[in-house]
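The values are calculated or read from the model by the stated rules, or taken from the named source; none is laboratory data. This structure is a prediction, so every number in the text was calculated from the model and none was measured. Note that we place each Cβ from the backbone using ideal geometry, even for glycine, and neighbour counts take in every protein chain shown.
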Amino acid sequence: MLTASMAFYKKSGQLNRKALDWDNKWPGVRLLLARLTQNEELARESLSRLRKTISSAKYTPKGLIFIQEWGPLRHAANHAFLAFVSTKLDIENSEDLLEFGKKQMFYIYGDAGRSFIVGFGKNYPTKPHHRCVFLVNRQTIFQVVELPVSATTMRLGRSRQQNEPEPVDTFWSSRRRAGSIRFLPQ
């Protein structure tokens with residue numbers, strides 16, 4: 001199975017140099033194959049591409065990697081995850097990746113002065129943008145509805161990232177801004 005996976009990667013994803021995203025999983029596939037096959041060349045390639053992404057990306061003044069405007073926290077968390085997993089490929093020389101991953105996650109948790117996770121940490125968002133997902137009945141799994149902008153209280157179902165920071169670390173607690181969160185109505 002690993003041989004077939006490796007062949008598929010070489011045929012389809014080896015030249016992909018884009019960042020990990022919801023429509024590009026190749027950086028994660030490359031990293032997983034490197035770990036499972038213990039292929040040193042693939043491990044070097046994975047580490048090199050991740051380090052290149054980290055070093056060439058833009059950052060906010062407080063240190064959040066800013067790959068693109070839509071979903072910067074998603075990108076920061078994705079690349080922190082890749083960095084954490086990558087440390088297993090080269091334990092002796094991966095302190096930079098470990099520090100990068102910690103810095104990104106601590107930013108999201110609140111080291112930049114506010115938490116970006118609803119219901120967690122200090123100064124967390126109170127006006128999540130923009131959909132409410134809740135259980136309608138046992139047959140219909142979920143229903144998505146728009147919340148009125150004026151709504152301010154609700155019972156949180158789960159903590160989620162929400163309302164993303166801007167490139168200069170500014171933040172708007174508004175349901176009119178991009179991003180989404182799931183929570184349960186009262």
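Condition check ((1) surrounded by 13 or more Cβ atoms within 10 Å (Cβ to Cβ); (2) within 16 Å of the chain's Cα centre (by Cα); (3) modelled with pLDDT of 90 or more) across all residues:
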position: TYR9; (1), (2), (3): yes, no, no
position: SER12; (1), (2), (3): no, no, no
position: ASP21; (1), (2), (3): yes, yes, no
position: LEU33; (1), (2), (3): yes, no, yes
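Under the condition of being over 22 Å from GLN38 (Cα atoms) and out of contact with any Gly (no Cβ under 9 Å at 6 or more places or on another chain), which residue from the stretch 75-105 is surrounded by the fewest Cβ atoms within 10 Å (Cβ to Cβ)?
Only one residue tops the list, namely GLU99.
Restricting the first residue to the stretch 3-28 and requiring it to be assigned by TED's automatic domain parsing to the domain that holds PHE66, which pairs with a second residue that is aromatic (Phe, Trp, Tyr) and surrounded by 14 or more Cβ atoms within 10 Å (Cβ to Cβ) meet a Cβ separation below 6 Å and a spacing of at least six or different chains?
Partner pairs satisfying both residue conditions: GLY13/TRP26; ASN16/TRP26.
Working only within the stretch 1-56, note down all residues that are under 24 Å from GLN68 (Cα atoms) and among the basic types (Lys, Arg).
Within the stretch 1-56, ARG17, LYS18, LYS25, ARG30, ARG49, ARG51, LYS52 qualify.
Quick grid of which residues meet (1) touching a residue at least 40 places away in the same chain (Cβ under 8 Å); (2) among the aliphatic types (A, V, I, L, M); (3) touching a helix residue (DSSP H, G or I) at 6+ places or on another chain (Cβ under 7 Å):
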position	(1), (2), (3)
LEU42	no, yes, yes
LYS58	yes, no, no
TRP70	yes, no, no
ARG74	yes, no, no
THR87	no, no, yes
SER94	yes, no, yes
MET105	no, yes, yes
GLY121	no, no, yes
